[in-house]
Amino acid sequence: MTQREAEIIDLIHREVKPALGCTEPIAVALAVAKATEIIGEKCKECTGSGWRMTADFSISVEVSGNILKNGMGVGIPGTGMIGLYIASALGAVCGRTEYGLEVLHDLCPESIARAKELVEKKKVSVAIADTGHKLYVKATVTVPVQEASGIPMPEASEASGKSHSAAAVIEDDHDNIVETWLDGSMLQSGHRKTDAQDETSAEGITGKDITVKEIYDFATHAAFDDIKFILESRTLNLALAEEGLHGDYGLKVGKTIGNSRYDEVFGKDFMSYAMSLTAAASDARMAGCTLPAMSNSGSGNQGITATMPVIAYAIKYGTDDETLARALILSHLVAIHIKGYLGKLSALCGCVIASTGSACGITWLRGGSYAQICAAIKNMIGNITGMVCDGAKVGCALKVASGVSGAIQSAVLAMEGTCISEHDGIIEKDIEKTIMNLGQIGSVGMQNTDNMILDIMVCK
């Protein structure tokens, strides 16, 4: 393995990882869990296996507008509830930072009941933070020590009086904890990025540092043993899809498309199969399924959309593991590359980005060349660019299905030699310039759109 190959693999590992639940409320739960763990670790009065289940937590959360937008309407796994309030309470009661984006892995009926009680007692507050970061969470947890320990507290610190308070700050990445505090004193100040730095990575190469040609060469020539780890994407996201097909989650988009009653509408071809599988996984995830998704660039839906159409093709046509792994690497990396120009959160729906990746994976599985893969990307950018993100919610499954449809159309047209020309819209002859144009539209051009969407949502 060359050094460059190692850098690319490291990039994939940083951007493609399991996540339980929608990543915005999960980031909030992670910050709350970190603050709670600090109290448990540093304060001898707040010890014992059961103190988190009984402590009278007060939780104050400040988030960026984009976190609020993507956290308001999404289901929290296993709770039957939506939003940041229950996610915050669960982070305090049972969240464990060692699990990363699977911070709520240890959910149980008792912790859910306790978290709901905290929400009902209005022990959780959520506000919009005054920050320039699109991805920002500050969680402050306060615990009355006597109630947490059950014993008088003469030895409590002067700084905290009769309570302990801890805070954790997440910036730019969903699991990037940059600050921690205890009783007003800073414990840690970690990596912070400047405006000139890419939002996708704290270290190593970023999505902007690779090209489509480099992605193609890596995906097609890397040793299989070095990239077969990506097959875990199939394991996790296919399990989500099957859960969505068999359960009654969200809008049941995937289940409905796959229902034989509608064969005369959707047919029984590859496109309908891919749309059904992918949307079903999104249905389950957004409605609070307790199974993790393999995410891409901090988004479970993006991970689902980058993988499931490619997996659907492999299932439909009997693709072997090595070929599938290369197609998944291609899809994931293209999504990471494009996302590098947009940032973690934007007004542009992530389905556009992730389905562009899957269009590349499908094109390659059908025998497509590098030039045809570039054509598929241009066809996608010339097609569904502009689809807005109006927050994470069960309705995302509809956008996922639309993205899959666009991906397959783009792949088929590319294989037929059809490519949107540089004379059309934002398409350039150079593939990298085309991707940069998309990034400019999503990150700069749609900023006012993002603000208006948030205004509409919070004023309902």
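As a test of the formula, what do you get for the chain when each DSSP H run with n ≥ 4 contributes -39,500 (n - 2.57) and the sum is divided by the residue count, at 222 nm and rounded to the nearest 500 deg cm²/dmol?
Rounded to the nearest 500, the figure is -16000 deg cm²/dmol.
Order these by the 10 Å Cβ neighbour count, fewest first: Asp321, Asp172.
Sorted ascending by nearby Cβ count, the order is Asp321, Asp172.
To the nearest 10 degrees, how steeply does helix 232-246 sit against the main Cα axis of the chain, on a 0 to 90 scale?
90
Ranking Asp183, Asp263 by Cβ neighbours within 10 Å, fewest first, what do you get?
Placing the least packed residue first, the sequence is Asp263, Asp183.
Testing the spin-label approximation: label points 7 Å from Cα along Cα→Cβ at Glu422 and Lys121. State their distance in nm.
Each label point is offset 7 Å from its Cα along the Cβ direction, giving 6.6 nm.
Report the extension gain between Lys429 and Asp56 in nm, rounded to one decimal, defined as 0.36 nm multiplied by the number of residues separating them, less their alpha carbon distance.
128.2 nm
For a quick check: with amide H placed at 1.01 Å from N, whose amide H comes under 5 Å from Leu187's, ignoring anything fewer than 5 positions away on the same chain?
For Leu187, the qualifying residues are Thr180, Trp181, Leu182.
Can you pull the semi-axes for the chain, root of five times each eigenvalue of the Cα gyration tensor, sorted largest first, whole Å?
Over the Cα atoms of the chain, the ellipsoid semi-axes are 40, 23, 20 Å.
By counting other Cβ atoms within 10 Å of each Cβ, how are Glu432, Glu37, Glu264, Glu179 ranked from fewest to most?
Glu264, Glu432, Glu179, Glu37
With label points built 7 Å along Cα→Cβ from the Cα atoms of Asp130 and His221, find their separation and express it in nm.
The two pseudo-label positions are separated by 5.4 nm.
Could you let me know the centre-to-centre spacing of region 395-409 and region 89-104, using Cα atoms, in angstrom?
Centre-to-centre (Cα) distance: 31 Å.
How would region 20-189 be classified by its alpha-carbon gyration tensor: rounded, prolate or oblate, with rounded meaning a/c under 1.5 and the a/b versus b/c comparison settling the rest?
Note, shape of region 20-189 comes out oblate.
Given axes a ≥ b ≥ c from the Cα gyration tensor, I'd like to know whether region 210-458 is rounded (a/c under 1.5), prolate (a/b larger than b/c) or oblate.
The shape class here is rounded.
In whole Hz, with x marking every Gly and Pro, tabulate ³J(HN,Hα) for region 318-325 from phi via Karplus 6.51 cos²θ - 1.76 cosθ + 1.60, θ = phi - 60°.
Coupling constants for region 318-325: x, 6, 6, 4, 5, 4, 4, 4 Hz.
What is the set of long-range amide H partners of Leu348 at a cut-off below 5 Å, with H atoms built 1.01 Å from backbone N?
For Leu348, whose amide H was placed from the backbone, the distant partners under 5 Å are Cys389.
Would you mind checking which residues have amide H under 5 Å from Thr211's amide H? H placed 1.01 Å from N; only 5 or more apart, or other chain.
Amide H neighbours of Thr211: none.
Could you run the Karplus curve 6.51 cos²θ - 1.76 cosθ + 1.60 with θ = phi - 60° over region 331-337 and give me ³J(HN,Hα) per residue in whole Hz, x for Gly and Pro?
Each residue of region 331-337 in turn: 5, 4, 5, 4, 4, 4, 4 Hz.
Using each residue's phi in region 290-297, evaluate 6.51 cos²θ - 1.76 cosθ + 1.60 at θ = phi - 60° and report the 3J(HN,Hα) Karplus result to the nearest Hz, with x for Gly and Pro.
Per-residue couplings from phi come out as 8, 8, x, 10, 7, 8, 9, 6 Hz.
FYI, it's all coordinate maths here, none of it is from the lab. If you're wondering where the values come from, they're calculated on a predicted model, not measured in any experiment. Virtual Cβ from ideal backbone geometry, glycine too; neighbours counted across all protein chains shown.
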